[in-house]
Amino acid sequence: PVLSIVPSLAPHEGSPVTLRCQTKLHPQRLASWLLFSFHKDRTLQGRGLHPELWIPGTKQGDSGLYWCNADTEGGQVQKQSPQKEIRVHGKWGRVEHPQGSEHQGPGDWLFWGDVVKLLCEPERGSPPILYWFHLNGEILENHSGP
């Protein structure tokens, strides 16, 4: 199984988040039911038919590593997803409208092998600020800084 977090791995406190456990049955097991469970430090939702868990309003304490399990109804096959980290940002002192800079050079052309520096500067916020860099929806890297 694969755990996906919608809408984001870094929600703001109070915003809703849906955990989704996605998997496919082996063709020989298509007649079986799958049971899903969701976990953090403890079991958040025990085994059930619904592959989603909705958190209506996240809190700072919801930050942490999450995973899900997908089991066949008889328990013959039990699989665990890789863990994903959620970091809930507080309501106060959050960063407002980060500004990214684009490549600036001769003609603004980029070529294969060019080194590119990405800058992200908030208009305002309270240090330390956690910066996330994304490429095609995937997190490349994160940094904490003033």
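Bear in mind these aren't lab numbers, they're just calculated from the coordinates by the rules spelled out. Keep in mind that what you see is a predicted model, and the values were worked out from it rather than measured. A quick note on method: Cβ atoms are made from the backbone with ideal geometry, for glycine too, and the neighbour counts reach across all protein chains shown.
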Subject >> Amide hydrogen neighbours beyond the local backbone of ARG47, cut-off 5 Å, H modeled >> reply: none
Original post:
What is the set of long-range amide H partners of ILE129 at a cut-off below 5 Å, with H atoms built 1.01 Å from backbone N?
Top reply: GLY145
Subject >> Surrounding net charge for TYR131, when Lys and Arg each add one and Asp and Glu each subtract one, Cβ distance under 10 Å >> reply: -2
**OP:** Enumerate by residue number the trypsin sites (Lys or Arg not before Pro) in the range 56-90 meeting two conditions: DSSP loop (anything except H, G, I, E, B), and at most 11 other Cβ atoms within 10 Å of the site's Cβ.
**Re:** LYS59
